[in-house]
Every structure is written in C-alpha cells, then in structure tokens.
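Engineer: Can you read through this structure? Questions will come right after.
Just so it is clear, none of the values below were taken in a lab; they were calculated from the coordinates. No experiment lies behind these values; they were computed from the predicted model shown. Please note: Cβ atoms are built from the backbone with ideal geometry, for glycine as well, and neighbour counts cover all protein chains shown.
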Amino acid sequence: MRPADAAERAFLADSGQVSEIATMRAMVRTPDGDRRSLIELKAVDPAYPLYGAVALSPAQDLAAALDRRDGRFGAAVDPTILDRLGLALGDGIKIGEATLQLRATIEREPDAAAGGLQFGPRVIIAAQALARNRPAPARAPWSPIITGCGCRPRIDARSWAERARTDFPTAGWQVRTFGEASPALRRLIDRLALYLNLVGLTALLVGGIGIGNAVGFYIAGKTTTIATLKCLGASTRLVFAVYFVEVCRSPLLGIAAGPCARGDGPGGSKTAAASRASGRRCSSASIRVRWRSPRSSGC
C-alpha cells in the first residue's frame, strides 16, 4: 500500500480530523475452507466514520465490535455472508491468513453510496487486523487507501481540494469533495449523455432524410394541382409560398406545443431557479482522498 508521507499527513491533520480506510476485494472462507465468497473488504481506523454512524446488529459500538479479544480481531459483515457461508455470529472466518470472529452484521453504512460499484458483500475489520495479518486481496492491481478529512468549518471544501492538488502535484492521490462523491458514476453519466447525444443526432439525421422524402412525395402528388394553379395565373412565388406554409405549419405547431407539454412556463422557470439557488447554498466540508498503489501481488 502507499500511505501518506509526513508532509501529506501534516497537511491533512492541519485541515481537520482524519480517518484512513483501506479497501480491497478479497475472498472470505470458513475455517475448514469448504465454503468461500468474494467480498468487499474495508479496514477502518478508530476515527471512522467522520460523519454518521455504522448501524450494527446487535447494537454496539463499531470499535468494540472490531477490537481484539482472546487473540482474534472482530469483523462486522453484511448479513449475506452468514447465509452464503452458513455461519452465525460468534463463528470464525478466514480472510487470507487472518482468522477473524463474526461479531455483528451491518445494517447501515454511512459512506456506502461513495464506495462505487461493489462486486461482493461488505466486510469491515480494524486497520490493525489488516496490518497484522496482511490478507491477500482478490484484486491484485489496485489496493486504494482512502483518507477522509472532516475539514473545520472555516475551510471551504472546494478551495481546500484545489489547494491539495496544487501543493502536492505528485502525491498520487485523488481528492474529491462531498459534491464529487462518485467520480466513476459521473464518468458513467457523462459517457451515457454522450451516447444519447450521438443517438439523438443519428435519429435527427434519419428523421430529416425521412421528412425530406415525405415532403418530396407529397409535392409530387400535387403536380396536377400545381399545374391547375399555374394555368389560372398563379405565380411560381405564390405556389411556393402556399406549399411552404402548408409543410411548415405542423412542425411549428409541434414546436410551440412542446414547452407547454413539459410545463416550462413561468412557474417552472422559477422552480428551476430556486432549485439551482438552493444547490449553491448547500455545501459540505467532507473530503475524500484516495491513493492508488502500484501493481503488486500482495496487500
């Protein structure tokens, strides 16, 4: 793993309370090795979580549930683990070479939404257990260390993030505020928006070709009528104007009816403006700093 150096730790500590979390994918198995399951492992320090609380069943403090007792550290697990492995609270599990005791099940995790895509149920252990036992991760290339920094009220989260990126350009971390909780989700949405734009442009092109053909067939069917108008003395400009207005009438009516159907009236504009103003007023000083280690075979 790539922990923060002295200068980076001093910068974070000066900004507020710091909590370090190591996350990785690993394999959990029963003590006899008969059953196993892929998990999302999270090793936390005593300061975790900086905001909110981890709800456990039976109700207890997270630090007490993960503490070392009788030579074994505890683990809080997703209830799915108990069903998959056929275990109960109080039984033992193995993650790598580490032997842990099931102390509680996780009912609510305050930072679950910021964790991104998960491929297995969550298992939370103490950072000391990870440091002592070094369980081998199932995902070899990356083992990120995430540091949560609860900034003091006087510090603006956005300006702090910019300062961290500027002062430590080679730190190897990714800094994001609470408003940027999931960059992966944002990238997914941006790519989806780009895809939908391409689909829309393609549909517009195909629709334009179809409309052009339809108008051409319509005008071709009016050849007799146009010839009659010309015989009666109608000018080319008049004939063109008549059919131009006739062709454009329906699209213009549809364009005018579109905003009304969406409710984009004066009230809708006011609501959108109020929503944007509310979003500008709401801010959070929660910072998440993610390190990525180089490719390695272990933790």
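Engineer: So how do 11, 244 line up by other beta-carbon neighbours within 10 Å, fewest first?
Structural biologist: Ordered from fewest to most neighbouring Cβ atoms within 10 Å, 11, 244 come out as 244, 11.
Engineer: Place a point 7 Å from the Cα of residue 255 along the Cα-to-Cβ direction; which residues of the range 205-241 have their backbone N under 17 Å from it?
Structural biologist: Under 17 Å, as judged by backbone N against the label point of residue 255, lie 205, 207-209, 211-212 of the range 205-241.
Engineer: Still on this model: For residue 184 and residue 5, compute 0.36 nm times the residue count separating them, minus their Cα-Cα distance, and round to one decimal in nm. Spell out each step's value before the answer.
Structural biologist: Numbers: separation 179, 0.36 × 179 = 64.44 nm, distance 2.64 nm.
Here the answer is 61.8 nm.
Engineer: Using only Cα atoms, what is the ratio of the radius of gyration of the range 29-120 to 2.2 N^0.38 Å?
Structural biologist: Here the answer is 1.06, to two decimals.
Engineer: Okay, next question. Please give the length that would be gained between residue 191 and residue 245 if that part of the chain were fully extended, namely 0.36 nm times their separation in residues minus their C-alpha to C-alpha distance (nm, one decimal). Don't jump to the answer; show the numbers that get you there.
Structural biologist: Numbers: separation 54, 0.36 × 54 = 19.44 nm, distance 4.01 nm.
Using 0.36 nm per residue and subtracting the Cα-Cα distance, I get 15.4 nm.
Engineer: In nm, to one decimal, how far is the residue 53 label point from the residue 204 one, both placed 7 Å along Cα→Cβ?
Structural biologist: Once both label points are built, they end up 5.3 nm from each other.
Engineer: Based on the alpha-carbon gyration tensor of the range 1-59 and its eigenvalue square roots a ≥ b ≥ c, which shape applies: rounded if a/c is under 1.5, prolate if not and a/b is larger than b/c, or oblate?
Structural biologist: Working: a/c = 4.25, a/b = 1.75, b/c = 2.43.
Judged from the Cα gyration tensor, the range 1-59 comes out oblate (a/c at least 1.5, b/c at or above a/b).
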